[in-house]
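The values are calculated or read from the model by the stated rules, or taken from the named source; none is laboratory data. On a predicted model such as this, the values are computed, not experimentally measured, just so you know. No Cβ is skipped: glycine too gets one built from the backbone with ideal geometry, and neighbour counts run over all protein chains shown. Accessible surface is based on the protein model in full, side chains and every heavy atom, while ligands, DNA and RNA are left aside. Shrake-Rupley method; radii C 1.70, N 1.55, O 1.52, S 1.80 Å.
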Amino acid sequence: MGALRITPEEIIEMQRLYRQLGTYAAVAREVGRSASSVSKYVQMKGVPTNIRIAVETLS
């Protein structure tokens with residue numbers, strides 16, 4: 001079984017928590033994802049355009 005997909009709402013929550021907690025590891029513990037996933041989505045590196053647009057729309 002593969003990992004669950006990350007939703008735009010989760011990305012927004014990761015970004016909010018990162019501003020609050022300050023580390024990828026702390027955010028990862030809160031949301032139950034890996035620190036590398038949190039880093040990717042906080043920085044929006046390699047995130048598809050449709051996800052970027054969804055996050056910007058929901059923010």
- [ ] Work out which trypsin sites (Lys or Arg not before Pro) in the chain are exposed loop sites (DSSP not H, G, I, E or B, at most 15 other Cβ within 10 Å) and give the longest gap free of them.
- [x] 6-44
Task: Residue-normalised accessible area of the chain, expressed per residue, 1.4 Å probe, Å² - done: 69
Task: Whole-Å semi-axes of the range 1-50's equivalent ellipsoid (Cα gyration tensor) - done: 16, 13, 9
Open item on the list: Relative contact order for the chain: what percent, with Cα pairs under 8 Å and sequence separation of 6 or more?
Closed with: 38
